[in-house]
Amino acid sequence: MQRSLTQSWAFALALSLTLSAQAEQADEAAVVVTASRFGSPVLEQPIAIQVISAEEIRQGTAGNVSEVLSKQGGVHTRINFLGIPDSPVDLRGFGMSGDQNTLILVNGQRLSENELASARLSSIPLDSIERIEILRGAGAVLYGGGATGGTINIITRSPLAAAPGGSAALALGSHALRDGRASLNAGSGPWALNLHVQRRESDNYRDNNRSEQNMVNGEWRYVGDAGHLALRFGADEQRARLPGPRTEAQLRTDPRGTATPLDHASSRSEQLGLYGEHRVGDLVLAADIGHRVKKAGDFFDYGVVGNSRSSSVVRTTSLSPRMSWQATLAGMPNRLTAGADWSGWDFGKDTEATFFGFPSNRDESGRQTNRAVYVRDELGLTATTRLSAGLRRERVAQQQKETLTPIPQDKTSRTLSASELALQQQLGGGWSAYGRLGSSFRVANIDENRCFFPPCAPLLKPQTSRDREIGLQWRAGKAAFRASLFDIALKNELHYNALTFMNMNLEPTRRRGLELEGKAPLGADFELGARYAHTDARFREGSYGGTDVSGNQVPLVPRHRAGLSLGWKVAVPTRLTFSLSHVGAQRYDNDQPNLFRRMPAYSVADIKLTHETGGWRLAAGINNLFDKAYYSYAIVNGAFTSFNAYPEDRRNAYVSAELRF
């Protein structure tokens with residue numbers, strides 16, 4: 001397998017649209033969004049998009065991208081078992097597979113994995129982020145599979161957007177936290193370069209849970225009269241000790257302890273991408289080329305039973321040419337976008353294990369190739385009515401084999417489709433209503449297709465969905481409100497079913513819910529934000545292992561979630577920020593029969609004080625202010641009599657200092 005970046009690229013035609021901006025919303029028009037997959041400014045907000053700006057990130061209480069999504073974006077997250085801030089994310093209630101149904105992008109390029117692993121959000125320094133765009137229940141047409149719950153696009157700051165200079169910051173906190181960050185911006189005339197580095201280490205709350213992270217990323221950009229060229233690069237490495245879960249009794253007597261003092265894991269990844277955009281009249285041509293390599297390893301000790309050690313290598317190469325044409329058709333503003341996506345993904349994993357003194361070696365390999373074309377059109381039917389429609393056709397080829405069972409090489413190739421149709425109507429006074437229909441798909445990843453006991457079934461079928469949503473929005477200056485009702489009907493949902501002890505395609509399932517979010521200034525010195533989500537995730541039908549689960553709740557989906565944030569400008573250079581998050585009761589993992597009690601609800605508060613003087617920015621904060629004992633993930637035992645859980649951190653504090661020059 002070649003490690004070098006693919007050198008060939010070709011362009012394909014494209015369709016998308018720009019509609020009349022809302023003149024009465026001049027404050028919001030300053031926000032540039034890239035949901036069209038182009039870096040050029042698009043001054044109108046895509047339908048139902050949520051944008052978290054760099055300034056909002058800076059003023060909030062979050063210390064990493066996962067916390068930004070949870071505290072400011074209202075995205076449901078759970079604990080990461082490594083003690084590293086790569087929390088699994090879940091848009092619209094998919095439970096344990098939430099991060100496989102929520103597509104994470106960085107500058108429009110996939111960060112989500114083709115394994116049962118969370119996206120490496122910790123590889124993105126907060127200082128490098130220009131904004132985060134969250135599109136719930138949308139994105140499959142432009143980006144492909146894994147976007148049933150929605151897409152999260154993290155846009156990094158252009159080096160041309162800032163004057164030459166830099167910053168250095170250090171944070172110290174509980175559990176021997178040491179977090180050092182630095183950035184540099186340089187350039188002259190039409191080119192510029194930025195660089196961001198970070199090192200973070202912490203003993204974390206649990207025993208045997210020390211973690212270390214190092215990361216660097218940057219961008220070189222050149223801008224000409226008709227376009228620009230950007231070279232993006234990054235690398236990160238992680239090392240973590242693994243504390244394992246706690247039993248129900250241990251949660252009461254020794255929540256910080258560990259029963260796995262020898263377990264550990266590590267990983268390293270490198271990525272390189274080239275993006276170019278060129279304008280010819282009303283036509284914009286653009287293309288991305290990306291390459292990423294990730295190496296990972298782990299060790300697990302099972303006591304008298306034995307141990308296992310594994311190492312894996314993943315290589316991903318992608319190519320995405322596209323075009324955008326903007327014009328007025330029959331007096332109506334129109335933007336058409338069309339493009340093609342190609343990606344190749346290769347996986348290899350070696351595992352050496354010993355069980356009761358007998359050696360066992362497993363070699364696994366997998367490959368996936370995606371080829372897609374898509375078209376999307378947005379049309380301004382009137383000055384107050386917007387129509388959007390799109391279609392995607394994608395060919396997915398998979399193959400997989402392993403030597404232990406052994407499983408002969410299995411391969412499959414399928415053609416899948418995604419679609420969207422959306423209408424937005426301005427109602428006056430800053431109010432608008434919208435409706436959206438769509439379809440999406442997801443293919444099983446390498447871990448979901450794994451077989452431990454022969455005979456092995458064929459590779460799992462793709463998951464498909466039909467989506468419906470209606471909503472109401474209001475904007476006036478810095479104040480905004482959104483309410484939406486959604487319904488997602490799924491077929492062949494990919495799910496680990498404890499009743500059958502295997503990953504499988506489920507009988508039909510459904511997600512329904514209500515989402516509310518809003519923000520508003522309260523006078524000159526206060527800002528208030530609030531959100532609420534009610535999610536109902538159910539098995540529509542199905543009987544597994546002799547148990548009928550029809551109408552049962554899907555595990556790990558809280559029915560109620562809410563959040564509140566309050567910012568107070570104490571003085572011109574001083575700000576106090578308070579945030580409160582509530583997660584309601586949910587079913588324990590593996591409780592598809594709904595026989596065990598629900599996981600308890602929990603509420604967590606954080607507070608942060610910042611002060612700026614000269615080039616300095618000083619901060620102090622407390623997480624879990626009221627010292628709440630809780631857990632966000634737990635799994636029930638096979639007899640439905642008890643559970644194991646991963647306890648979350650109790651009250652902890654930090655101080656930080658940052659110098660900008």
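FYI, it's all coordinate maths here, none of it is from the lab. Quantities reported herein were computed from a predicted structural model and do not represent experimental measurements. Virtual Cβ from ideal backbone geometry, glycine too; neighbours counted across all protein chains shown.
Beyond 18 Å between alpha-carbons counts as too far, so tell me which of LYS478/LYS519; LYS411/LYS491; LYS349/LYS461; LYS478/LYS608; LYS71/LYS608 fall in that bin. Don't skip to the end; give the middle numbers.
Numbers: LYS478/LYS519 8 Å; LYS411/LYS491 22 Å; LYS349/LYS461 23 Å; LYS478/LYS608 22 Å; LYS71/LYS608 13 Å.
Over 18 Å Cα-Cα: LYS411/LYS491; LYS349/LYS461; LYS478/LYS608.
What are the residues whose amide H is under 5 Å from the amide H of GLY306, where those residues sit 5 or more places off or on another chain and H is modelled from the backbone?
Result for GLY306 returns PHE356.
Would you pull out the residues with amide H under 5 Å of MET502's amide H, same chain only if 5 or more places away, H placed 1.01 Å from N?
Counting only residues 5 or more places away or on other chains, the set is ASN497.
Restricting to Cα pairs below 8 Å that are 6+ residues apart, what does the relative contact order work out to for the chain? Please round to a whole percent.
Details: 1896 pairs, mean separation 78.1, N = 661.
Here the relative contact order equals 12 percent.
How would you order 202-209, 430-437 from highest to lowest mean count of nearby Cβ atoms within 10 Å?
So the peptides 202-209, 430-437, ranked by packing, come out 202-209, 430-437.
Where the only charges are on Cβ atoms (+1 Lys, Arg; -1 Asp, Glu), what is the dipole of the chain about its Cα centre, to the nearest 20 debye? List each step's numbers first, then the result.
Working: 75 positive and 67 negative charges, 81 e Å.
Approximately 400 debye in magnitude.
What residue among PRO359, PRO406, THR385 has its Cα farthest toward the positive end of the dipole of the range 357-410, where the charges are +1 on Lys, Arg and -1 on Asp, Glu, each on the Cβ?
THR385
Let a ≥ b ≥ c be the square roots of the eigenvalues of the Cα gyration tensor of the range 335-404; is it rounded (a/c under 1.5), or, if not, prolate (a/b larger than b/c) or oblate? Write out the running numbers ahead of the final one.
Working: a/c = 6.64, a/b = 3.78, b/c = 1.76.
Prolate, because a/c is 1.5 or more and a/b exceeds b/c.
Could you give the C-alpha radius of gyration of the range 141-188 expressed as a fraction of 2.2 N^0.38 Å, taking N as the number of residues it contains?
Details: Rg = 17.7 Å, N = 48, 2.2 N^0.38 = 9.6 Å.
Output field value: 1.85.
Under the Karplus relation 6.51 cos²θ - 1.76 cosθ + 1.60, θ = phi - 60°, what is the ordered set of whole-Hz ³J(HN,Hα) values for the range 75-92, x standing for Gly and Pro?
7, 6, 10, 10, 5, 8, 5, 7, x, 10, x, 10, 4, x, 10, 8, 9, 6
Could you work out [θ]222 nm for the chain from helices alone, using -39500 (n - 2.57) per DSSP H run of at least four and dividing by all its residues? Round to the nearest 500 deg cm²/dmol. Don't jump to the answer; show the numbers that get you there.
Working: 5 runs with 27 residues, N = 661.
So the helix-based figure for the chain works out to -1000 deg cm²/dmol.
For Cα pairs less than 8 Å apart in space and 6+ apart in sequence, what is the mean separation divided by the residue count of the range 195-259, i.e. the relative contact order in percent? Could the numbers behind the result be given before it?
Numbers: 107 pairs, mean separation 20.6, N = 65.
RCO, the range 195-259: 32 percent.
Taking only the alpha-carbon positions of the range 504-661 and ignoring solvent, what does the Debye formula give for the base-10 log of I(q)/I(0) at q = 0.08, 0.15, 0.18 Å⁻¹?
These q points yield log10 I(q)/I(0) values of -0.38, -0.91, -1.11.
Per residue Cα convex hull volume for the chain, in cubic angstrom? Before the final figure, lay out the partial values.
Details: hull volume 97.2 nm³, N = 661.
Expressed per residue, the convex hull around the Cα atoms of the chain is 147 Å³.
Could you derive backbone 3J(HN,Hα) for the range 356-369 from the dihedral phi with the Karplus parameters 6.51, -1.76 and 1.60 (θ = phi - 60°), listing whole Hz in sequence and x where the residue is Gly or Pro?
These are the phi-based 3J(HN,Hα) values: 6, x, 9, x, 8, 10, 10, 10, 10, 8, x, 8, 9, 10 Hz.
For the range 283-391, with only Lys/Arg (+1) and Asp/Glu (-1) charged at the beta-carbon, what is the dipole magnitude about the Cα centre, in debye rounded to 20? Display every interim value, and only then the final one.
On the way: 13 positive and 11 negative charges, 67 e Å.
In debye, rounded to 20, the range 283-391 gives about 320.
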